[in-house]
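All remarks here apply to the structure that follows.
The values are calculated or read from the model by the stated rules, or taken from the named source; none is laboratory data. These numbers were taken from a predicted model, which means no experiment stands behind them. We place every Cβ from the backbone using ideal geometry, glycine too, and count neighbours over all the protein chains shown.
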Amino acid sequence: MTEDLDLETRVARQFSALYMTLVSVLVGLVLSDLFSTIHARVVLFPLTLETARTWCQIFGNILSVLSAWVTYSHLGLLKNRLPTIWDTVDAVLVLVTIPLNAAVGRHDAADWFFWASAYLFLGIMAVKINLRQATREQALRHLPRLGRFGGPYTICWVGAPAYLAIALASRFHLMPPWLELAAAASAPPAAVTVTILFMREWRAAVRQRPEPVLPPAPT
């Protein structure tokens, strides 16, 4: 029995480092794919409304992936338990950025806005899975509030349907180029804002003492 407990403790202690390594490798893969796409076919000059939109898409992708890494890594630091299959699913969801990379710099902006919407929606799902898994540890049972509407990821809750609507409008040529540029330009500051708000609440959550679990009342 003691040997089983020792083995479980050993695995739990290694899980955080393993999880963060997996996430970092996947984020590096996504960024490498983006830079390869840029070198292969993306036109950045001369500066027009379309190339300006491309610049916004590039910075939006980069900052969104880095924002995801901040979330994954800081939540991963807190993990001290046996892993489950949901932890793998959660980490792999970052790969939705690859089709988002493929849509960068296209003349038709609809695909980028569609995959941006998918990225935000799946990002919310990844956060929910991550925080739900955190409840497996008593000390982290207060963390799920980070994923609430009105919290750090409110921009994602609002941005997913908004970008989907923009994608449909762009697909049917109802969006003028300047409005597509303005919509794409919202991505970089949104990613930075989410990161700042997450870090603020994450630090507060780490400092917060979990509520003690009271024993059942005697009958």
**Request:** Would you check if there is a residue in segment 131-145 being at pLDDT 85 or above and of a type in the set (Gly, Ala, Ser)?
**Result:** no
**Message:** With surrounded by fewer than 20 Cβ atoms within 10 Å (Cβ to Cβ) and of a type outside the set (Ser, Thr, Tyr) as the only criterion, which of Leu146, Leu179, Leu140, Leu120 stands out?
**Reply:** Leu179
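Conditions tested, residue by residue: (1) touching a helix residue (DSSP H, G or I) at 6+ places or on another chain (Cβ under 7 Å); (2) part of a loop (DSSP other than H, G, I, E, B); (3) buried (at least 18 other Cβ atoms within 10 Å of the Cβ); (4) free of Cβ contacts under 8 Å to residues at least 24 places away in the same chain.
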{"residue": "Val11", "(1), (2), (3), (4)": "no, no, no, no"}
{"residue": "Leu63", "(1), (2), (3), (4)": "yes, no, yes, no"}
{"residue": "Trp69", "(1), (2), (3), (4)": "yes, no, yes, no"}
{"residue": "Ile98", "(1), (2), (3), (4)": "yes, no, no, no"}
**Request:** With the checklist (1) out of contact with any Leu (no Cβ under 9 Å at 6 or more places or on another chain); (2) of a type in the set (S, T, N, Q); (3) farther than 28 Å from Leu49 by Cα in hand, flag the one item Asn130 doesn't pass.
**Result:** (1)
**Prompt:** Mind checking which residues of segment 13-52 are assigned to a helix (DSSP H, G or I) and among the β-branched types (Val, Ile, Thr)?
**Reply:** Thr21, Val23, Val25, Val27, Val30, Thr37, Ile38, Thr51
**Request:** Could you run through segment 140-158 and say how many residues are of a type in the set (D, E, K, R) and either within 17 Å of Arg207 (Cα to Cα) or not in a loop (DSSP other than H, G, I, E, B) (or both)?
**Result:** 2
**Message:** All but one of (1) touching a residue at least 12 places away in the same chain (Cβ under 8 Å); (2) part of a helix (DSSP H, G or I) hold for Trp55; state the number of the condition that does not hold.
**Reply:** (1)
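Would you tally the residues in segment 13-52 being under 30 Å from His74 (Cα atoms), in contact (Cβ under 8 Å) with a residue 60 or more places away in the chain and not acidic (Asp, Glu)?
Of the residues in that region, 14 qualify.
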**Message:** Looking at segment 180-205 only, could you name the residues that are of a type in the set (Lys, Arg) and either without any contact (Cβ under 8 Å) to a residue 24 or more places away in the chain or in contact with a Lys or Arg (Cβ under 7 Å, 6 or more places away or on another chain) (or both)?
**Reply:** Arg203
